[in-house]
Amino acid sequence: MAATTTDSPPATTGEDHRLPTRWLVLAVICLAQLTVLLDNTVLTVAIPSLTEDLGAATSDIQWMINAYSLVQAGLLLTAGSAADRYGRKKLLATGLALFGIGSLGAALSQTAGQLIAARAGMGVGGALLMTTTLAVVVQVFDDEERTKAIGLWGAVSALGFAAGPLIGGALLNHYWWGSIFLINLPVAFLGLLAVLKWVPESKNPTGDRPDLLGALLSTIGMTGVVFAIISGPGHGWTSGRVLGSAAVGVVTLALFALWERRCPYPMLDMHFFRNSRFVGAVSGGILVAFGMGGSFFLLGQHLQLVLHYDPLETGLRMTPLALVIVVLNFTGVGARLLPKIGTPVAIAGGMGLLAAGLAAIAVLGAHGYNGMLLGLVLMGIGIALSMPAMATAVMSAIPPEKAGVGAGVNGTLQECGNGLGVAVLGAVLNSRFAALLPAVAAGAGSLPEALARAGSDAERSSISEAFASGVQASQLVGAGAVMAGGVVAAVLLWRAERQDR
C-alpha cells in the first residue's frame, strides 16, 4: 500500500528528496483528469442528436451541460477541504467510481429530465476529481518542477478537449448518443486501478472540517443566477420566473459570502481575496473558462447546424484548438515563457489571443471553415499561454497545507465561468435567434423545431440565417468579455508584483 504523507511541501533542492515515482503519479492523475474533461467536450457534438431523439429544446441542452457544471462548482471547495482533511487519494478514487456510475446512468437515460439528473450526479464525482488531481500535483512536485508539472497537467486537460469531440463524432456516426457516456467507463475503471496502486496518500489531519452549509448556499445561489439567465430568452427578462430566480440567486450568494466571513472553517477563505495576485488570476480564469465553455457550446452547433458537417467531421474540425494547446504545453513553451515574460504579460497576451480567436470565428467563419480554422489556432495559443500562468498564480497565493482548497478554488471558478459562458452566450444566441425568426416559426425553442414549421425554402433559409446570426452575436459577446478580463487580470497581477518587490 502507498505510504501516507503529511502536508510538508517537497524539498526545493536535491533530487534525492523527490518522490521517485512522481512522474508516474502525474500520469495517473492526468488520466483521472482526462476522464472528467472527455465528458465535458464529448457532449458538444451530440447536441443535434439530443435535440432530435429526446425532443430537447436549446434550454434543455444548456441544462444538460450546466447541471454538471453547477453541481461540480457548488461542491468543489467542500471536496477540496475534505480531501485535505481525510485524504486526497481516498477522494480521488471515490470520485472516479462515482463518475463512472453517473456516466452509466446518463447513457441509459430515456428523457431530457433523466439525462439532466444523471449529469448532476456525475458532477459530484467530477468535483472530487477536479480538486484532488491538482492538489496531488502541488504535494508531489517541488518548486523547481511544479510549473512544468502543472503545464503537463494543463496539456492533458487540453487533450480531453481535443479527444472529446473527435471520439464523440466517431461514436455518433455509428452508435446512438448514449455511447458518448459509456466511453467514460473503461477510462474511469483504469484510472481507479492506477490510483489505488500508485498514488501516495496525503492529507492534513488537523485541517478544517467540510463546510456543508457553504456548499449548499453556493450551489443554490449559482443555480438561481444561471436559471434566470437560461430562462430569460424564453420567458422574458422581466417575467416573475426570471426576476424571482435571479433574486434568490443573488440573495443566496450574498448570504454565502456573509457565512464564509463568519464561519470558523470556511470552504472559501474570504481573506484570499485581499491578495491582488489571487484576485487577478481568479478573474482571468473565470473569463477564460467563460470563453472556452461558451465557445465549445456554440462551435458544435455552428459546424453541424450552420455549416452542415456530420458529427465525425465536426469533431475533426474542432481538434485544432486543443491540439495547439497540447503541442505547446507538452513542448514546455508556456512553462519556459512564463519566467521570461512574467505572469501579467502571459495572462493578458493569452486572453487577448483567445478573444481574437473568438472574434475571428464569428466574423471569418460565418460561411466556411477556413476562417474558423484561424480562430481555433489563435484560441489554442492563447489558452496554452494563459491557463498554466493562472493556475500557478492561484496556487502560489495559497498556503501548501490548503492545497486541496486552492485546487478547489481554481476548479470552482473555472466551472462557474464555464457554466456562465454556456448560460450567457446561449441566452444571447436564443434572444437573437428568437428576434429574427419569421412569423411561421415564432416561439420555436430550437433550430430543428423552427425548421419543422417552415413551409418553403425561403422560410427555411431565413430560419437558418437567424440561427447563424445568433451564433455570431454570442461569439462576439464572448470575445469582448474575455478581452476585458485579460486587461483586468493583467492590471491586478502587475500591481501585486510591484507590491512584492
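The values are calculated or read from the model by the stated rules, or taken from the named source; none is laboratory data. Values in this document were obtained by computation on a predicted structure and should not be read as measured data. With ideal geometry, Cβ positions are generated from the backbone for all residues, glycine too; neighbour counts draw on all protein chains shown. The accessibility values were calculated without ligands, DNA or RNA, using every heavy atom of the protein model including side chains. Shrake-Rupley method; radii C 1.70, N 1.55, O 1.52, S 1.80 Å.
Couple of notes before you dig in:
- Residues in region 227-250 that are touching a residue at least 24 places away in the same chain (Cβ under 8 Å) and open to solvent by 50 Å² or more (accessible area, probe 1.4 Å): G234, V248, V250.
- Residue in region 488-496 that is at pLDDT below 85, within 22 Å of A57 (Cβ to Cβ) and either in a helix (DSSP H, G or I) or not acidic (D, E) (or both) present: no
- Verdict on G382 being open to solvent by less than 10 Å² (accessible area, probe 1.4 Å) and either at pLDDT 80 or above or among the charged types (D, E, K, R) (or both): yes
- Of the criteria (1) closer than 30 Å to T44 by Cβ; (2) open to solvent by 40 Å² or more (accessible area, probe 1.4 Å), which one Q301 fails: (2)
- Per the listing L217, L253, L213, the residue uniquely surrounded by 22 or more Cβ atoms within 10 Å (Cβ to Cβ), closer than 23 Å to H271 by Cβ and modelled with pLDDT of 80 or more is L217.
- Where a residue in region 264-284 is touching a residue at least 12 places away in the same chain (Cβ under 8 Å) and its partner, wherever it lies, is open to solvent by 40 Å² or more (accessible area, probe 1.4 Å) and among the hydroxyl-bearing types (S, T, Y), with Cβ under 7 Å and at least six apart: none
- Matching residues in region 462-495 - criterion: being within 20 Å of I347 (Cα to Cα), crowded, with 20+ Cβ neighbours inside 10 Å and among the small types (G, A, S): G478, A479, A481, G485, G486, A489, A490
- Criterion violated by E401 - all others in (1) modelled with pLDDT of 75 or more; (2) open to solvent by 10 Å² or more (accessible area, probe 1.4 Å) satisfied: (1)
- Of the helices (runs of 4 or more DSSP H) contained entirely in region 261-364, those carrying at least 3 residues that are aromatic (F, W, Y) and out of contact with any strand residue (DSSP E or B) (no Cβ under 7 Å at 6 or more places or on another chain) fall at 276-301.
- Flag if V288 is open to solvent by 10 Å² or more (accessible area, probe 1.4 Å) and among the β-branched types (V, I, T): no
- Some residue of region 414-431 being surrounded by 21 or more Cβ atoms within 10 Å (Cβ to Cβ), modelled with pLDDT under 75 and of a type in the set (V, I, T): no
- In region 38-50, the residues that are touching a Leu at 6+ places or on another chain (Cβ under 8 Å) and either outside any helix (DSSP H, G or I) or surrounded by fewer than 24 Cβ atoms within 10 Å (Cβ to Cβ) (or both): P48, S49, L50
- From L134, L152, L171, L159, residue being at pLDDT 75 or above and farther than 14 Å from P311 by Cα: L152
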